Each structure stands twice: as C-alpha cells, then as structure tokens.
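Notes follow the structure.
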Amino acid sequence: MGGPNIKDINWDTILSLMMLMIFVALISDMNILNYFSHFITTKAQNSRTIILMLVLFDYFASMFFTNDVLILALIPLFINIANRHHLQKAYPLVLLTIAANLGSSITPIGNPQNIFLVSNYHVGMLAFFKHSYIFFIVGLCTVLLLSFLVENKSILNSEKGHRDAIHLKAFNVLIAILLMIVVLMGIFNIINIIIALFVVLCTAILLNYRVIYNVDYGLLLSFIGFFLIVGIFSRSVIINSFISGLATNQRSVFILSALTSQIISNVPASVLIAKFSTYMPAIYYGVSVGGLGTMVASLANLLALKQVTIYSKKDAKKFIVLFSFLNFLLLFLFIIIFYSII
C-alpha cells in the first residue's frame with residue numbers, strides 16, 4: 001500500500017481554506033453576522049416568521065460564511081429566542097442545520113469540499129455555478145416548504161434592544177466586500193492564491209491581529225491528514241480496484257459519493273472519490289446531497305448537535321430523532337432528484 005507522500009497534499013486547497021478561515025474569523029469579529037441575525041428578528045410578529053427569516057438568512061449567508069459559522073452563530077441565538085418566547089426548539093434547530101448544509105453547497109467557498117473540488121479540477125466560476133444553480137433551486141424550495149410546517153405562535157417583539165447593542169460600521173462592510181472579492185479571485189486562480197492569502201492575512205493583522213488565533217488550525221491539519229490517508233488508500237490495489245470498478249459513469253460516481261459521505265463525511269469522501277473519477281459534477285452533487293443523512297455525513301451536523309447539547313441539553317434527544325427522520329427522508333428524495341438530472 002505504501003506510506004504517506006507529501007505530493008498527495010493539494011496545497012492550493014489548504015491555502016484556499018486557510019484564507020477563507022481567516023476571512024470568516026475577521027467577519028465574525030466585525031459582528032456582521034450577529035447584526036443581521038438580530039436585525040431580522042425585530043421584524044417578526046410570530047414564531048413562524050422568525051424561523052422563516054432565520055432559516056433564509058442561514059441558507060443565503062452560509063454560501064459565503066460557511067455552514068459551520070452559521071451554525072455557531074444561529075443555534076445559540078435561536079435557543080435564546082425560543083427560551084424567552086417559549087417556542088418549540090427541536091424542529092427549528094434541525095431546519096437551521098439543514099439550511100446551513102444546503103446553502104453552503106451553492107458556492108465554491110461555502111464549505112471545504114467545494115474549495116477542494118474547485119482547486120482539484122481547476123473549475124471556473126461560471127462552470128461551477130452552472131452546476132450549483134440547480135442545487136440552489138431545489139435547496140431553497142426545500143427549506144421554504146419545511147419552514148412553513150413550524151408552529152405559528154404570536155409573540156411580543158422584544159429583540160430591538162438586542163439589535164441596538166450591536167453596531168455595524170460602514171467601513172467594516174466595505175472591507176468585507178473587498179476581501180470577499182479577493183478570496184473569490186484567489187480560489188478561482190484569477191490571482192495567485194499566495195497573493196490573495198497574503199492580502200487577507202495582512203488585512204486581518206492590521207484590523208485585529210487576535211482573529212488569527214481564532215482560525216481552526218486543527219481543521220487545516222485534518223485536511224492535510226485526509227489527503228495523506230486518501231493517498232495511501234488510493235495506492236492500495238484492492239481499494240483502487242473496488243472504487244474504480246464502481247465509479248464507471250456519472251450516476252455511479254454520484255451514488256458512490258453520496259453513500260460514502262454517510263460513513264466518512266462528505267469532506268474526506270470528496271477527496272477520496274476524486275482520486276478515481278474525472279466526473280466533478282457527479283462528485284459535487286454526491287457530496288452535497290451526502291451532507292444529508294447520518295449525523296456524521298457532514299461535520300456541520302456534529303457541530304450542530306454539540307451546540308444543542310451545550311445550550312439546550314434537554315432537547316438533544318428530540319433533535320437527534322427529528323434530525324435523523326428529516327435528513328434520511330431528504331437524502332432519499334435528493335438522490336432521486338439528482339440521479340435523474342445527472
């Protein structure tokens with residue numbers, strides 16, 4: 001089988017992921033997400049509207065700030081709102097997790113597997129969105145439909161004070177937009193990734209050097225580990241023959257990607273299947289759909305469960321039951337939908 005080989009590491013992906021994580025840490029420090037999440041709750045007069053607005057915000061914001069960040073920001077926020085207004089928690093929390101996973105699949109910077117696929121297959125921006133717009137439509141219809149199934153309870157609006165306590169500076173918004181452009185240009189090789197990383201890093205240091213400490217370097221090391229392990233496996237004759245035998249066409253690659261994600265999660269699944277297939281769209285759809293299903297199908301799922309157990313432990317069991325039911329149902333439906341599209 002052979003040992004690890006440093007050549008197995010896709011350094012463009014590692015540098016792109018590091019750049020994105022620094023950017024997200026800086027955005028979080030600017031309170032941009034907190035401002036908008038609190039702001040939209042001031043507009044709601046009932047529980048269904050609050051959840052619908054939070055879910056839509058979650059869906060669209062995760063396209064740019066990653067599913068992990070949105071789960072960290074919105075789950076504690078919603079639990080706080082639910083406690084004050086005596087709202088049901090488990091179902092909305094499941095919706096927020098699903099919305100973050102689906103929304104993050106739409107853009108190349110929404111999650112690590114997309115960053116890897118864009119880097120590994122050298123996909124252009126238009127080429128990527130040519131595939132992801134279908135997922136956008138299906139995902140949006142899904143979260144909208146599920147959001148209308150929540151309880152509709154009138155509430156007294158008490159969020160205004162929370163919003164006023166958060167100040168959003170126009171300068172920060174401008175910096176965020178400019179950095180987003182730099183990040184996208186780096187990921188799509190419009191400018192050299194090292195130059196883009198240098199710009200983002202220097203900006204973060206100048207504005208608040210402490211955000212550098214908030215980067216999840218463990219995730220970067222995990223990704224390096226994924227590449228090394230997958231490289232070892234791909235040199236195994238038995239594993240090579242097995243996966244190569246299954247990955248014979250786009251539909252089989254799609255199914256293989258979705259099912260593999262259920263066992264090892266969609267990030268390493270994308271790295272593994274990419275070693276044996278040139279069908280990038282099939283892998284993209286497979287690992288995007290594959291984020292649904294089991295709790296380990298996406299690292300964001302485990303993060304959501306952790307947040308629930310921290311902030312509302314008594315709802316954890318109900319969350320797991322509803323999560324499993326809805327995610328397996330959606331996994332089945334999405335496999336049927338995208339199997340027919342590919």
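Coordinate-derived values only; no laboratory data. Because the structure is predicted, anything quoted here is derived from the model rather than measured. FYI the Cβ positions are ideal-geometry reconstructions off the backbone, even for glycines, and counts take in every protein chain you see.
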Only residues that are farther than 19 Å from Leu228 by Cα, surrounded by fewer than 24 Cβ atoms within 10 Å (Cβ to Cβ) and over 18 Å from the mean Cα position of the chain (by Cα): list them for region 260-283, please. Thr278, Tyr279, Met280
Cβ-Cβ below 6 Å, separation at least six or inter-chain, first residue in region 54-82 and in contact (Cβ under 8 Å) with a residue 12 or more places away in the chain and over 20 Å from Asn111 (Cβ atoms), second outside any helix (DSSP H, G or I) and not charged (D, E, K, R): which pairs? Ile79/Ser312
Looking only at region 16-60, and only at residues there that are surrounded by fewer than 19 Cβ atoms within 10 Å (Cβ to Cβ) and more than 22 Å from Lys153 (Cβ to Cβ), the one that is nearest to the chain's Cα centre (by Cα): Phe60
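Determine which member of the set Leu220, Leu228, Leu207, Leu184 is over 17 Å from Asp12 (Cβ atoms) and in contact with a helix residue (DSSP H, G or I) (Cβ under 8 Å, 6 or more places away or on another chain). Lay out the reasoning, then the answer.
Details: Leu220 fails: over 17 Å from Asp12 (Cβ atoms); Leu228 fails: over 17 Å from Asp12 (Cβ atoms); Leu184 fails: over 17 Å from Asp12 (Cβ atoms).
One residue alone meets the criteria, Leu207.
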Residue list for region 136-150, restricted to those being part of a helix (DSSP H, G or I) and either in contact (Cβ under 8 Å) with a residue 12 or more places away in the chain or over 14 Å from Val289 (Cα atoms) (or both): Phe136, Val138, Gly139, Leu140, Cys141, Thr142, Val143, Leu144, Leu145, Leu146, Ser147
Ile190 vs. criteria surrounded by 13 or more Cβ atoms within 10 Å (Cβ to Cβ), without any contact (Cβ under 8 Å) to a residue 24 or more places away in the chain and either in contact with a strand residue (DSSP E or B) (Cβ under 8 Å, 6 or more places away or on another chain) or not hydroxyl-bearing (Ser, Thr, Tyr) (or both): yes
If you check Ala300 against the conditions, is it touching an Asp or Glu at 6+ places or on another chain (Cβ under 9 Å) and crowded, with 23+ Cβ neighbours inside 10 Å? yes
Val296 - would you say it is aliphatic (A, V, I, L, M) and touching a residue at least 60 places away in the same chain (Cβ under 8 Å)? no
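Let me confirm something: among Ile79, Ile177, which residue is exposed (fewer than 14 other Cβ atoms within 10 Å of the Cβ), within 22 Å of the chain's Cα centre (by Cα) and under 22 Å from Leu33 (Cβ atoms)? Steps first, answer last, please.
On the way: Ile79 fails: exposed (fewer than 14 other Cβ atoms within 10 Å of the Cβ).
When all the criteria are applied, what remains is Ile177.
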Hey, any hits in region 202-223 for a residue that's under 23 Å from the mean Cα position of the chain (by Cα), of a type in the set (D, E, K, R) and not in a helix (DSSP H, G or I)? yes
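Pick out the one residue from Val287, Val308 that is over 16 Å from Phe328 (Cα atoms), in contact (Cβ under 8 Å) with a residue 60 or more places away in the chain and either outside any loop (DSSP other than H, G, I, E, B) or of a type in the set (S, T, N, Q) (or both). Working first, answer last.
Working: Val287 fails: over 16 Å from Phe328 (Cα atoms).
Every option except Val308 fails the conditions.
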Out of curiosity, is Leu272 aliphatic (A, V, I, L, M) and closer than 20 Å to Ile9 by Cβ? yes
